[in-house]
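Participant: Okay, handing you the structure first.
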Amino acid sequence: MSDKEKVNMNGGFFRPEEKPFIDKIGDLLLRTQSMYIPQLTDFLNLRQRAILDNLVNKYDDLFVHYYGGYEGAERVRGIIAPDYFVPKQSDFKIALYEVRYPERFANLHHGQILGSLTGSGIDRDHFGDIITDGKRWQFFVFDDISKYIEQQVDKIGSFKVHLIKKDFQNDLLMPIDESDDETINVQSLRLDTIIAEAYDLSRTQTKSMVEHGKVQLNWVPNRNPSAFATIYDTISVHGYGRIRVNNIMGKSKNNKYIIFVNVIKK
């Protein structure tokens, strides 16, 4: 096994495109250490959280706390703080919104809501999970842009909507989980290989999908089929769903990688 493969298996490497995030987190860590004042991050995906955990472990007197609005949230905000600090829920500065829409005539889905939020000029890092119980839809966002989002988002798809600010204690819905945990065996950790195995497609199909911009790695478009995935990476495939790499468990007797993934199929 090559050094690159070993690094990919334990998730302990950083990609060149992750350097701006690493630099930003590095500044927050140094600021926390020098000023001894807690620092709040944007919403982080699983890969970013893994990077932050890796970096904060280099500081003996710092700790990071996470919260995304509910237990098990995928996108969370972090508070980097001295080890004595115990945050309150309000310290994370997260607002909860529900989307009111004409339920008799509209059938919303995650991609529509995501598109409307980003289309209104809100940075992806400023809002968290989008959740549903199969009928109602809610999402989490920076509390300090509440007024802006209420004014800017009044339509999703072709339907008029109203965004209603909700209380975490009384109004948070119980999201349904439409994903499945699976163990797959793959010849390599390339994007096209993992997608082919997860969705039962040919390598020719998946290579073309990546090259034509149908795939995102950690919510960033990636047109390189031979790019490698690692632990906590999320692979989004247009028209098919999402694959999250939860663990790389080594190799099988026939020299294939054994990968534990969480898959959403549309």
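The values are calculated or read from the model by the stated rules, or taken from the named source; none is laboratory data. Small disclaimer: the values here were computed from a predicted structure and weren't measured. Virtual Cβ from ideal backbone geometry, glycine too; neighbours counted across all protein chains shown.
This table checks each residue for (1) exposed (fewer than 13 other Cβ atoms within 10 Å of the Cβ); (2) under 17 Å from the mean Cα position of the chain (by Cα); (3) more than 23 Å from residue 39 (Cβ to Cβ); (4) of a type in the set (Ser, Thr, Tyr).
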position: 122; (1), (2), (3), (4): no, yes, no, no
position: 125; (1), (2), (3), (4): no, yes, no, no
position: 130; (1), (2), (3), (4): no, yes, yes, no
position: 137; (1), (2), (3), (4): no, no, yes, no
position: 161; (1), (2), (3), (4): no, no, yes, no
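Participant: Looking at this structure, is residue 151 in a helix (DSSP H, G or I) and free of Cβ contacts under 8 Å to residues at least 12 places away in the same chain?
Facilitator: On the way: in a helix (DSSP H, G or I): yes; free of Cβ contacts under 8 Å to residues at least 12 places away in the same chain: yes.
Spelling it out, residue 151 is indeed in a helix (DSSP H, G or I) and free of Cβ contacts under 8 Å to residues at least 12 places away in the same chain.
Participant: Right, another one. Do any residues in segment 36-56 that are more than 17 Å from residue 229 (Cα to Cα) have Cβ atoms under 6 Å from those of residues that are of a type in the set (D, E, K, R), where the two are at least six apart or on different chains, and which pairs are they?
Facilitator: 39/31; 41/77; 42/125; 43/75; 43/77; 43/125
Participant: Quick one: what pairs do we get from segment 2-24, first residue outside any helix (DSSP H, G or I), second surrounded by 13 or more Cβ atoms within 10 Å (Cβ to Cβ) and modelled with pLDDT under 85, C-beta under 7 Å, 6+ apart or different chains?
Facilitator: From residues that are outside any helix (DSSP H, G or I), the pairs are 13/7.
Participant: Consider segment 25-72. How many of its residues are assigned to a loop (DSSP other than H, G, I, E, B), on the phi < 0 side of the Ramachandran plot and small (Gly, Ala, Ser)?
Facilitator: Step one: list which residues in segment 25-72 are assigned to a loop (DSSP other than H, G, I, E, B), which gives 36-38, 45, 57-61, 68-72.
Filter once more, so that each one left must be on the phi < 0 side of the Ramachandran plot: 37-38, 45, 57-61, 68, 70-71.
Checking the rest, the ones that are also small (Gly, Ala, Ser) come to 68.
Of the residues in that region, 1 qualify.
Participant: Give the residues of segment 214-243 that are more than 17 Å from the chain's Cα centre (by Cα) and aliphatic (A, V, I, L, M), sorted by residue number.
Facilitator: If the condition is that a residue be more than 17 Å from the chain's Cα centre (by Cα) and aliphatic (A, V, I, L, M), then 227 is the only one that fits.
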